[in-house]
Amino acid sequence: MSAVEPPVAHSWFEDVLGIVTGTFAASLGLYLLQNSEAVTGGTAGLSLLLGYATAWPFWLLFAVINLPFAVLAIWQKGWSFTLRTAISIGLVSGWSIVHHALLDISWLNPVYGTLGGNLLAGVGLLILFRHRASLGGINIIALVVQERWGFRAGWTQMIFDVLIVAAALLVVPWGNVVLSAAGAVVLNLVLAMNHRPGRYIGH
């Protein structure tokens, strides 16, 4: 019977590559959502929702909305996690500008855009969690709840997401809200099934 190997820490290069990859995947998913006039949960979903209501750019709303959560991140997760998260938020905002400039989606099936966008966003978040980062906001609360009480981050995220998606009824057509709800389930299932304590040995 072989001995269990101790967790192996990521190198700085692996962390950099992981954060760049995770933010790219998440931002591309959010870009698909935006072009489908759909929303998702978390501060990203709230940013999309406010963007539809005000026509302010997503990248600006996403950065501003996440500012208050920086205090919680420093208090509960420390400076390393907070710095990684701040960089991730900045990269998602930056990638958003890149997608708008270089990826022209003249026509996008909303079902594909909503479900595929949430799937990409979920994978991106999972990669960031693996490298001790997040996209701020509800992600931070979800991670703190999981670490302190063992309640899975995906389920905590889903509770908040239901409230945000429901609020979308005030801004977008009900059909888009139904699709958004289905997409949010996809995103959170990715997290709930894959981000469990003890499952991933790297850190």
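Tabulated data
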read-out: Net charge contributed by nearby residues that have their C-beta within less than 12 Å of ILE87 (K/R +1, D/E -1); value: +1
read-out: Percent accessible area from carbon and sulfur atoms, the chain, protein chains only, probe 1.4 Å; value: 73 percent
read-out: Gained length - ALA55 relative to LEU83, 0.36 nm times residue gap less alpha-carbon distance; value: 7.2 nm
read-out: Surface accessible to a 1.4 Å probe, per residue, for the residues of the chain, Å²; value: 51 Å²
read-out: Pair VAL71, ILE97: separation of 7 Å Cα→Cβ label points (nm); value: 2.8 nm
read-out: Around VAL144: net Lys/Arg minus Asp/Glu count, Cβ-Cβ under 14 Å; value: +3
read-out: Kyte-Doolittle at least -1.0, axis length at least 20 Å by Cα - qualifying DSSP helices, the chain; value: 12-35, 69-102, 110-130, 153-167, 174-194
read-out: Evaluated over the range 89-203, the Cα radius of gyration and Dmax, each in Å; value: 15.2, 46
read-out: R0 of 25 Å, Cβ-Cβ distance VAL162-ASN109: FRET efficiency to nearest 0.05; value: 0.55
read-out: Convex hull of the chain built on C-alpha atoms - directionally averaged projected area, nm²; value: 12.0 nm²
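The values are calculated or read from the model by the stated rules, or taken from the named source; none is laboratory data. Predicted model only: the values in this text are computed from it and were never measured. Here the Cβ is made from the backbone with ideal geometry for all residues, glycine too, and neighbour counts use every protein chain on show. Remember, those area values only see protein heavy atoms, side chains included, never the ligands or the DNA or RNA. Shrake-Rupley method; radii C 1.70, N 1.55, O 1.52, S 1.80 Å.
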